[in-house]
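Report on the following structure.
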Amino acid sequence: MSTRIIATFSIVARDPANGDLGAAVASKFLAVGSVVPWAQAGAGALATQALANIGFGPRGLALMAAGQSADAALAALLADDPDREQRPVGLVDAQGRAAAHTGAACFSWAGHHVGAGFAAQGNILAGPEVVDALAHAFTNADGELAERLLAALAAGDAA
């Protein structure tokens with residue numbers, strides 16, 4: 001009998017055409033959407049995974065709403081987080097600057113891919129091809145931000 005590994009992966013992004021912000025996540029965990037993705041108009045979007053720190057959502061959005069870049073907000077979140085090595089987290093701010101972190105103690109394979117206006121991350125994945133598929137599908141999809149985020153999730157699932 002084979003054991004199927006089921007993972008969690010997410011993407012946060014900004015649409016440069018209209019400034020829309022969004023986050024999308026896929027996971028084996030029921031109701032993961034109530035924990036992982038966070039977004040606020042005019043501020044940014046954030047995804048916290050694995051040993052998810054739900055405080056990252058409101059705090060990260062507040063930092064970005066106050067004008068901090070995704071990089072600065074991420075650094076502030078991680079600075080006082082004793083469990084930072086057990087989670088991936090990705091952020092994108094309202095200007096489209098993206099940042100991500102993958103803790104060294106995440107279950108393998110874990111990692112992220114940061115691109116222009118997005119961050120894709122995951123843990124317990126088949127390999128780096130999953131976040132690469134998220135990134136490739138997102139950057140090559142047409143349509144509204146929501147459609148591009150769903151295309152990314154579908155590609156991640158296929159990978």
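Provide 87, 97, 14 ordered by accessible surface of protein heavy atoms (probe 1.4 Å), highest first.
Of 87, 97, 14, the descending order of accessible area is 97, 14, 87.
So what J values fall out for region 74-87 if you push phi through Karplus, 6.51 cos²θ - 1.76 cosθ + 1.60 with θ = phi - 60°, rounded to Hz, Gly and Pro as x?
4, 4, 5, 5, 6, 4, 10, 9, x, 9, 4, 7, 10, 8
More than 21 Å apart: what percent of Cα pairs in the chain qualify?
Looking at the chain, the distances longer than 21 Å represent 36 percent of pairs.
Going 7 Å from the Cα of residue 126 toward and past its Cβ, which residues in region 134-149 have a backbone nitrogen under 16 Å from where you end up?
Under cut-off, by backbone N: 134-137.
Using modelled amide H (1.01 Å from N, peptide plane; none on Pro or chain starts), what sits under 5 Å from the amide H of residue 20, excluding residues fewer than 5 places away?
Placed amide hydrogens put 15 under 5 Å from residue 20.
Considering Cα pairs under 8 angstrom that are at least six residues apart, work out the relative contact order of region 8-158 and quote it in whole percent.
Reported as a whole number, the value is 24 percent.
How large is ³J(HN,Hα), in whole Hz, for each residue of region 42-57 in order, when computed from phi with the Karplus curve 6.51 cos²θ - 1.76 cosθ + 1.60 and θ = phi - 60°, using x for Gly and Pro?
Those phi angles translate into x, 10, x, 9, 8, 9, 10, 10, 6, 7, 4, 9, 5, x, 4, x Hz.
May I ask for the distance between the Cα centers of region 115-159 and region 5-55, given as a whole number of Å?
12 Å
Would you please give the FRET efficiency between residue 62 and residue 17, computed as 1/(1 + (r/R0)^6) with r the Cβ-Cβ distance and R0 = 30 Å, to the nearest 0.05?
Efficiency computed from Cβ-Cβ geometry: 0.70.
Mind giving me the FRET efficiency for residue 54 and residue 75? R0 is 25 Å, r the Cβ-Cβ distance, nearest 0.05 is fine.
It comes to 0.85.
Kindly state, to the nearest 0.05, the FRET efficiency for residue 29 paired with residue 139, given R0 = 25 Å and r defined as their beta-carbon distance.
Using R0 = 25 Å, I get an efficiency of 0.40.
The values are calculated or read from the model by the stated rules, or taken from the named source; none is laboratory data. Keep in mind the model is a prediction, meaning the values are calculated, not measured. All Cβ positions, even for glycine, are placed from backbone atoms using ideal geometry, and neighbour counts span all protein chains on display. When the accessible area is computed, the model is the full protein with side chains, heavy atoms only, and any ligands, DNA or RNA have been set aside. Shrake-Rupley method; radii C 1.70, N 1.55, O 1.52, S 1.80 Å.
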